[in-house]
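Working notes, beginning with the structure itself.
Every read-out reported here was derived from the displayed coordinates using simple, explicitly stated rules and does not represent laboratory data. All values reported here derive from a predicted model rather than from experimental measurement. Neighbour counts run over all protein chains shown; Cβ positions are idealised from the backbone, glycine included.
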Amino acid sequence: MSLLSVHNLHVSVEDHEILKGLSLDVNSGEVHAIMGPNGSGKSTLASVLAGRDDYEITEGSVEFDGEDLLEMDPEERTREGLFLAFQYPVELPGVSTHQFLRTAVNSVREHRKQEPLPVGDFIKLMREKAAFVNLDPKLTQRSVNEGFSGGEKKRAEIFQMAMLDPRLAILDETDSGLDIDALRVVSDGVNKLRSEDRAFVLITHYQRLLDYITPDKVHVLVDGRIVRSGGPELAEELEVKGYDWLIEEAAPAA
Ligand code: ADP
Ligand code: MG
Ligand code: MG
């Protein structure tokens, strides 16, 4: 059974159909890249998996570890082991990363029938994971993302991912044009956290991220559908040829 199974997903925003029958299966241990031109629906897919409002699911299903993901609220999804990293991370004024993560980590532990972590152990875990992603531990005392530089936000996000130990992490890196340092933060973090017990879905407009992370599978999303799937060589082909040839292929015959 796949860890994530998306079947014939149709999603509309304000009566405008954006995802038009998307299917995707991700197994534990795998890294999938979803690429595609601007406006093809990549962020819409990430938002629907995250459980954001404003999206109308008109057809299809999404199962996470055999359970109906679409029935779960966003907090339940996190507890089940889904992690969503976004292009523009939210700021939480007045809530320190320490407080935020303590609540989140203990909620995940409770769900896994584990005792809450004693404060000392939690601090130790934070130090360990901060060192793991080269995050300045001082940042964990500040409000979540407030006044963080772009690079610090990226690092904080990868740090949160390491702390939450997700079974599936979805990263929407889209078209924000990550600089080379941020790119390294993301790719180092993903490569370090890659394991048999975890899967990744990397959503990216550019092939660059995949110079540092070798995905198991690459999918191309055009106009709300996956029009091509392949191995890492597909990303290289897109680097050379761009998306136009696939957009033309995907267009309905006149
Ligand atoms: P991508 O991430 O691949 O660039 P998006 O998922 O952001 O694509 O957008 C897909 C299409 O859906 C675009 O045409 C975009 O304008 C439209 N869209 C996305 N979100 C909304 C929204 N909240 N309201 C109206 N249209 C939207
Ligand atoms: Mg876009
Ligand atoms: Mg996007």
Considering amide H positions built from the backbone, and no H for Pro or chain starts, which residues 5 or more places from Gly39, or on another chain, come under 5 Å of its amide H? none
Debye equation applied to the C-alpha atoms of segment 103-205, log10 I(q)/I(0) at 0.12, 0.15, 0.25 Å⁻¹: -0.42, -0.67, -1.51
Any residue on another chain or 5+ positions along whose placed amide H is under 5 Å from the amide H of Ser23 is listed here as Asn8, Leu9, Ile226
Contour excess over end-to-end distance, with Cα ends at Asn8 and Ala251 and 0.36 nm allotted per residue: 85.6 nm
Could you give the angle, 0 to 90 degrees to the nearest 10, between helix 97-111's Cα long axis and the longest principal axis of the Cα atoms of the chain? 80 degrees
Cα centroid distance between segment 50-67 and segment 89-133, in Å? 27 Å
For the chain, find the longest principal axis of its Cα atoms and tell me its angle to the long axis of helix 232-241, 0 to 90°, nearest 10. 60 degrees
Work out, step by step, the length gained on full extension between Glu146 and Gln114: first 0.36 nm times the residue separation, then minus their alpha carbon distance; give nm to one decimal. 8.4 nm
Starting from the alpha-carbon convex hull of the chain, give the projected area averaged over all orientations, in nm². 14.0 nm²
In terms of modelled amide H atoms, which long-range or inter-chain residues lie less than 5 Å from the amide H of Ala199? Gly29, Leu168, Ala169
One quarter of the C-alpha convex hull surface, i.e. the mean projected area of segment 1-146 in nm², amounts to 10.5 nm²
Separation of alpha-carbon centers, segment 200-252 and segment 135-171, rounded to whole Å: 27 Å
Set Lys and Arg Cβ to +1 and Asp and Glu Cβ to -1, take the dipole of segment 2-250 about its Cα centre, and tell me which of Val31, Met72, Tyr243 lies farthest positive. Val31
What's the local net charge at Gly151, with K and R +1, D and E -1, over the other residues with C-beta under 13 Å away? -2
Measure nothing but the geometry: give the 0 to 90° angle between the long axis through the Cα atoms of 150-164 and the longest principal axis through the Cα atoms of the chain, rounded to 10°. 80 degrees
Below 8 Å, C-alpha to C-alpha, sequence gap of six or more: please give me the relative contact order for segment 2-250 in percent. 28 percent
Size of electric dipole in segment 2-250: Cβ of Lys, Arg +1 and of Asp, Glu -1, about Cα centre, debye, nearest 20: 1200 debye
Given the candidates Val218, Tyr55, His98, the one whose Cα lies deepest towards the positive end of the charge dipole of segment 2-250, counting +1 at each Lys or Arg C-beta and -1 at each Asp or Glu C-beta, is His98
